[in-house]
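What follows is one structure encoded as structure tokens, with my remarks underneath.
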Amino acid sequence: MRSVPLHRSLVLLTALWLVGCGGNAPAPDGKSEGSTGKTPSPATSLPEMYTFPVGDIIPTLDPAMVTDSLSAGVINQLFDGLVKIDPDGQLVPALATSWTVDPAGLVYTFVLQPGVKFHNGRELTADDVEFSFNRVLNPQTQSPKTLFLDPIKGAADVMSGKAPSASGIVVRDPLTIEITLDRPNALFPWYLAQSTTVIVPREATENMAKAFSNNPVGTGPFRMAEGTYNPAEGVTLEAYPDYFQGAPKLKGIKYVVEKEAKKRFEGFKRGTYTHTDIPAEEIEGVLADPKLAAMMIEKPTLDMYNIAFNCDKEPLKGNPTLRQALNYAVDKEFIANTLLKQTRTISTSYLPNNFPGYTAPHGAYPYNPEKAAELLKQAGYPGGEGLPSMTLWCNNDETHSQIMQAVQGDFAKLGVKTELRTLDWGSFLEAMDQGQHHIGQATWLMDYPDPDNILYVLFHSKNKGPAGNQAFYGNPQVDKLVEEAQVIADQAQRMALYQQAEQIIYDDAPWILLLNRKCMILKQPYVQGLHLTRLDRAPQIPGVDLETVSFVQP
């Protein structure tokens, strides 16, 4: 799942900080009573809504169309899938009470929870599962994420318009659905825990096209407050009292788009926001302040920050030596330690450090301007001579811009000219998906904890564009290896195949390997039950189960 912006710089602490950090909870309207000089009453100061800051627009609330972690974070509160990934990273039942798979690994049978109701009051049945999966596959939907369902037998016929439904999806009774795959796929149950594969009701989606994004109806713990979704401003959700796992403890969630990390941080200090990310330049101050430090929680996460070359675009196309030269040209130590204040670690692999299947081939292109210059010469562009200027894309978050400016400066030292282009989040995603870039920010928050989520989703040739492969990279050997790994159940054999694939990718250099991130947030002292997962990133924390969160007077 793609990134949202990193966080903007911040200036000095203010008087409001001191008030906000004094332990006073915000007033119900989200304003800090402390900032007005009043002392809040402990009995009445807890807010009713979880006010949730996000760093950019929320492009869609239609699960079939989601490609980013901002949208996924909201969708995960509105909808459920057959299965889910729990806070420990394990696959557990959700709408399905259980599932079985035949010895051949082809036929999955899911038994559904009885009595589950959509937000419109109708009970969910197996027909809804069949409809939801076929809706994603239907070419009229234009879902960019059919890859999670295309292992199903007959999915190709639906995607090509030859059939209205996949032959491998069979409703056995109102609470039982059978799914047959074309071939075994060890990752398939994990695919059903994704935002794209949640269950939607037919009557709420038919004839609505894009309007379903404005009026989403799911089975999740929260439902949308009617008419509140505005991609540029946010959305308000209210607790769904008939949620099948019990009504949430919160009254609701108010997602607020606040693009500047500085304003999110100051809003948290005033008590406006229930949690916030921490700008890199404020980390030292937070750690030095006992009250703020007590509000901080962090979690190592499966989150990578890299830069993608467009391998289908000249002059990068067919020239791995040029791509390697540009990798060696970037001073990653400066970006990680000086620019980002040691809040990130340098990436040494195409998989997150210490992840299953992780290797560190060749130290992953350490900063070496001399070697970069030699490789640039071997690539046919000595000193950058004859190399056309390339575009360098990122979204308009200040930290992203700072990172790209540093990269641009390193390229310039090599004689490589680039033009930096910054866009809002939605426009940036569209431009990258269309391959307009030469070089672009390519962050990735994993959807499930397996190498398949990187090496298949981001580097298989059939996933070029919005399906995930923004490097537009293709190598038949890599395609073959990651497809073989999907079929094998033995983990050691699978990891060996992924390591072979990664070595090939490393040599082809479709990315500049840059950083691994961890999730760090500040949360208000009255927040209980908020548990970050390895699939989270601040400030949108898309993997958190908010139905378990409550407000308790500290």
ask   = For the range 72-112, what are the residues that are open to solvent by less than 10 Å² (accessible area, probe 1.4 Å) and over 18 Å from residue 244 (Cβ atoms)?
value = 72, 73, 74
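Only one of 454, 505, 488 is within 20 Å of residue 349 (Cα to Cα), touching a helix residue (DSSP H, G or I) at 6+ places or on another chain (Cβ under 7 Å) and among the β-branched types (Val, Ile, Thr). Can you tell me which?
On the way: 454 fails: touching a helix residue (DSSP H, G or I) at 6+ places or on another chain (Cβ under 7 Å); 488 fails: within 20 Å of residue 349 (Cα to Cα).
Exactly one of 454, 505, 488 is within 20 Å of residue 349 (Cα to Cα), touching a helix residue (DSSP H, G or I) at 6+ places or on another chain (Cβ under 7 Å) and among the β-branched types (Val, Ile, Thr), namely 505.
Do the conditions hold for residue 514, that is, is it open to solvent by 20 Å² or more (accessible area, probe 1.4 Å), touching a helix residue (DSSP H, G or I) at 6+ places or on another chain (Cβ under 9 Å) and under 21 Å from residue 401 (Cα atoms)?
Working: open to solvent by 20 Å² or more (accessible area, probe 1.4 Å): no; touching a helix residue (DSSP H, G or I) at 6+ places or on another chain (Cβ under 9 Å): yes; under 21 Å from residue 401 (Cα atoms): yes.
So residue 514 fails the test.
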message = List the helices (runs of 4 or more DSSP H) inside the range 427-512, counting only whole elements, that have at least 2 residues being touching a residue at least 60 places away in the same chain (Cβ under 8 Å) and charged (D, E, K, R).
response = 491-508
request  = Please work out which one of (1) open to solvent by less than 20 Å² (accessible area, probe 1.4 Å); (2) part of a loop (DSSP other than H, G, I, E, B) is the condition residue 407 fails and give its number.
outcome  = (2)
task = State which residue is farthest from residue 269 (Cα to Cα) when the search covers only the range 517-534 and only residues that are touching a Pro at 6+ places or on another chain (Cβ under 8 Å) and open to solvent by 20 Å² or more (accessible area, probe 1.4 Å).
result = 534
request  = Please work out which residue is most open to solvent (accessible area, probe 1.4 Å), limiting yourself to the range 197-223 and to residues that are assigned to a helix (DSSP H, G or I) and modelled with pLDDT under 95.
outcome  = 202
inquiry  = If I go through the range 106-141 residue by residue, how many of them are of a type outside the set (Gly, Ala, Ser) and under 23 Å from residue 160 (Cβ atoms)?
reply    = 13
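Residues of the range 288-305 being assigned to a helix (DSSP H, G or I) and either among the aliphatic types (A, V, I, L, M) or within 24 Å of the chain's Cα centre (by Cα) (or both), which ones? I'd like the intermediate steps shown before the answer.
At the first step, the residues of the range 288-305 found to be assigned to a helix (DSSP H, G or I) are 288, 290-295.
Matches in the range 288-305: 288, 292, 293, 294, 295.
Could you list, in sequence order, the residues of the range 41-61 that are open to solvent by 10 Å² or more (accessible area, probe 1.4 Å) and either in contact with a helix residue (DSSP H, G or I) (Cβ under 8 Å, 6 or more places away or on another chain) or of a type in the set (Asp, Glu) (or both)? Please lay out each step first, then the result.
Restricting attention to the range 41-61, the residues satisfying the condition of being open to solvent by 10 Å² or more (accessible area, probe 1.4 Å) are 41-44, 46-49, 51, 57, 59-60.
48, 57, 59, 60 - these are the residues of the range 41-61 that are open to solvent by 10 Å² or more (accessible area, probe 1.4 Å) and either in contact with a helix residue (DSSP H, G or I) (Cβ under 8 Å, 6 or more places away or on another chain) or of a type in the set (Asp, Glu) (or both).
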key: Selection from the range 508-540 of residues that are among the basic types (Lys, Arg) and modelled with pLDDT of 95 or more   = 523
ask   = (1) buried (at least 24 other Cβ atoms within 10 Å of the Cβ); (2) more than 18 Å from residue 468 (Cβ to Cβ); (3) touching a Cys at 6+ places or on another chain (Cβ under 6 Å); (4) not aromatic (Phe, Trp, Tyr): which one isn't true of residue 537, the others all being true?
value = (2)
inquiry  = Which of the numbered conditions does residue 322 fail, given that it passes all the others? Conditions: (1) in a helix (DSSP H, G or I); (2) open to solvent by 10 Å² or more (accessible area, probe 1.4 Å).
reply    = (2)
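The values are calculated or read from the model by the stated rules, or taken from the named source; none is laboratory data. Because the structure is a prediction, the values reported are computed rather than measured. Neighbour counts run over all protein chains shown; Cβ positions are idealised from the backbone, glycine included. Side chains are part of the model used for accessible areas, which takes the heavy atoms of the whole protein and leaves out ligands, DNA and RNA. Shrake-Rupley method; radii C 1.70, N 1.55, O 1.52, S 1.80 Å.
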